[in-house]
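Colleague: Got a structure here, written out as structure tokens. Questions coming.
The values are calculated or read from the model by the stated rules, or taken from the named source; none is laboratory data. Fair warning: this is a prediction, and the values are worked out from it, not measured in the lab. Here the Cβ positions follow ideal geometry from the backbone for every residue, glycine too, while neighbour counts run over all protein chains shown. When the accessible area is computed, the model is the full protein with side chains, heavy atoms only, and any ligands, DNA or RNA have been set aside. Shrake-Rupley method; radii C 1.70, N 1.55, O 1.52, S 1.80 Å.
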Amino acid sequence: MYTHNGEDVFVIDGHIHLWDATEENIIHEGGEQFIQCFYDYHTAFTPEEEQWDMDTYRQYGSERMVLDLFRDGYVDMGIFQPTYLTDFYDKGFNTTDQNAELAEQYPERFVLNGSFDPRDGDEGIEHLERLKDDYDIQGVKLYTAEWRGESKGWRLDSDEAFRFLEKCAELGIENIHAHKGPTIRPLNRDAFDVRDVDDAATSFPDLNFIVEHVGFPRVDDFCHIATQETNVYGGLAVAAPFAQNRPRKFAEMMGELLFWVGEDNLLFGSDYGIWEPDWLVPAVMNAELTQEERAEYGVELSPEVKRKIMGENAARLYDIDIEEKKEQFRDDAISQEFGLGDSYEEASAD
């Protein structure tokens, strides 16, 4: 477990991927553009000594992922967020079935999410039902800017999307993670616009809408939607690395997010493997607001607030009992492999 100023912090990384961007898997020039854009984000924010080479970045594999998250990265649990991109990648970029191979090795450590695309119609509904039957998924990751044939995106507030959201509600898939962040080449900026979350959240009050990347760079739009829709949450992947490289910008974003959205509706995510939690978790945990910022926003980045953001809020959405997990992790496969049991024993004793 991560320890901050002598206190244990249970970390649930709410945004992780296990992707295949090898040249053999790319079937469209957009696939190469996509991974190159990811790599630009990686090098722009990752400390120089932590940067990967491009070959590693294309396919780092499950063994390295386990090491980076659990042995070296302070992560206690991770939530897979699939991104299919089947028009770009022959076997998909990062699918639920692919992620399941690792998640089923360590079911106590991973949460496996699915996905849907309303353009798939009846076949898409059947696919969603299969994911629920096979993996009992609690959430889906939605990529509204994904290309599909001649279509270059879809909207969450469309009739077609509402059909799938109704099916999610029927199946008990309550956590709807929508990618609403920076444009990734060659995808279209407008297809990532956060505004379609508004009507969807209003229309489905029993579902939780986690806006990944807090709508960045449209953070203000996101904040004004989330402040009126109590079932809207913010995923901090992409925002979190600003704590390392641009701390004043990070403080500004966190001030706005805490003021409008609130400490109970924000979730940490590393966006692994764009970035690694070994440097990102400490960067976020060590971030502070200045006295002037605290006075302006009327909020604190206190240890209690950080514990909520780093794990407790995700635990609530996914029905994870943190104390039970601490007990379980005293002797699970990961703790045995990496000698982590003592940290959980001490945490349970506290």
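Colleague: Checking the conditions here, which among 288, 304, 327, 256 is of a type in the set (D, E, K, R), in a loop (DSSP other than H, G, I, E, B) and on the phi < 0 side of the Ramachandran plot?
Modeller: 288
Colleague: Please go through (1) open to solvent by 10 Å² or more (accessible area, probe 1.4 Å); (2) under 16 Å from residue 275 (Cβ atoms); (3) touching a residue at least 12 places away in the same chain (Cβ under 8 Å) for residue 56 and return the number of the only condition it doesn't satisfy.
Modeller: (3)
Colleague: Another question about this same structure. Counting only residues that are over 21 Å from residue 79 (Cα atoms) and part of a loop (DSSP other than H, G, I, E, B), which one in the stretch 332-350 is least open to solvent (accessible area, probe 1.4 Å)?
Modeller: Looking at residues that are over 21 Å from residue 79 (Cα atoms) and part of a loop (DSSP other than H, G, I, E, B), I get 339.
Colleague: Which of the residues spanning the stretch 227-241 are touching a helix residue (DSSP H, G or I) at 6+ places or on another chain (Cβ under 7 Å) and open to solvent by 10 Å² or more (accessible area, probe 1.4 Å)?
Modeller: Selection gives 227, 229, 231, 233, 238.
Colleague: Under 7 Å by Cβ, and 6 or more places apart or on different chains, what pairs join a residue from the stretch 26-42 that is under 13 Å from residue 88 (Cα atoms) and open to solvent by less than 10 Å² (accessible area, probe 1.4 Å) with one that is part of a helix (DSSP H, G or I) and not β-branched (Val, Ile, Thr)?
Modeller: From residues that are under 13 Å from residue 88 (Cα atoms) and open to solvent by less than 10 Å² (accessible area, probe 1.4 Å), the pairs are 35/58.
Colleague: Based on this model, can you work out whether residue 281 counts as part of a helix (DSSP H, G or I), in contact with a Gly (Cβ under 8 Å, 6 or more places away or on another chain) and crowded, with 24+ Cβ neighbours inside 10 Å?
Modeller: No, not satisfied.
Colleague: Residue 201 - would you say it is under 27 Å from residue 258 (Cα atoms) and either part of a helix (DSSP H, G or I) or not hydrophobic (A, V, I, L, M, F, W, C) (or both)? Write out each step before concluding.
Modeller: On the way: under 27 Å from residue 258 (Cα atoms): yes; either part of a helix (DSSP H, G or I) or not hydrophobic (A, V, I, L, M, F, W, C) (or both): yes.
In short, yes.
Colleague: A further question follows. Taking residue 251 and the conditions (1) open to solvent by 10 Å² or more (accessible area, probe 1.4 Å); (2) assigned to a helix (DSSP H, G or I), which numbered condition does it fall short on, given that it satisfies the others?
Modeller: (1)
Colleague: Inside the stretch 77-194, counting only strands (runs of 3 or more DSSP E) that do not spill past its ends, which hold 2 or more residues that are open to solvent by 60 Å² or more (accessible area, probe 1.4 Å)?
Modeller: none
Colleague: Given (1) part of a loop (DSSP other than H, G, I, E, B); (2) more than 25 Å from residue 151 (Cα to Cα); (3) over 16 Å from the mean Cα position of the chain (by Cα), identify the lone condition not met by residue 62.
Modeller: (1)
Colleague: Considering the stretch 67-76 alone, what residues qualify as being buried (at least 23 other Cβ atoms within 10 Å of the Cβ) and either within 26 Å of residue 27 (Cα to Cα) or among the aliphatic types (A, V, I, L, M) (or both)?
Modeller: If the condition is that a residue be buried (at least 23 other Cβ atoms within 10 Å of the Cβ) and either within 26 Å of residue 27 (Cα to Cα) or among the aliphatic types (A, V, I, L, M) (or both), then 69, 75 are the ones that fit.
Colleague: A further question follows. Can you list residue pairs whose Cβ atoms sit under 8 Å apart, with the first residue in the stretch 203-226 being in contact (Cβ under 8 Å) with a residue 60 or more places away in the chain and the second being open to solvent by 10 Å² or more (accessible area, probe 1.4 Å) and part of a helix (DSSP H, G or I)? Count only pairs 6 or more apart in sequence or on different chains.
Modeller: 208/317; 210/317
Colleague: So, in the stretch 290-314, how many residues would count as being under 11 Å from residue 266 (Cα atoms) and not basic (Lys, Arg)?
Modeller: Residues meeting the conditions: 7.
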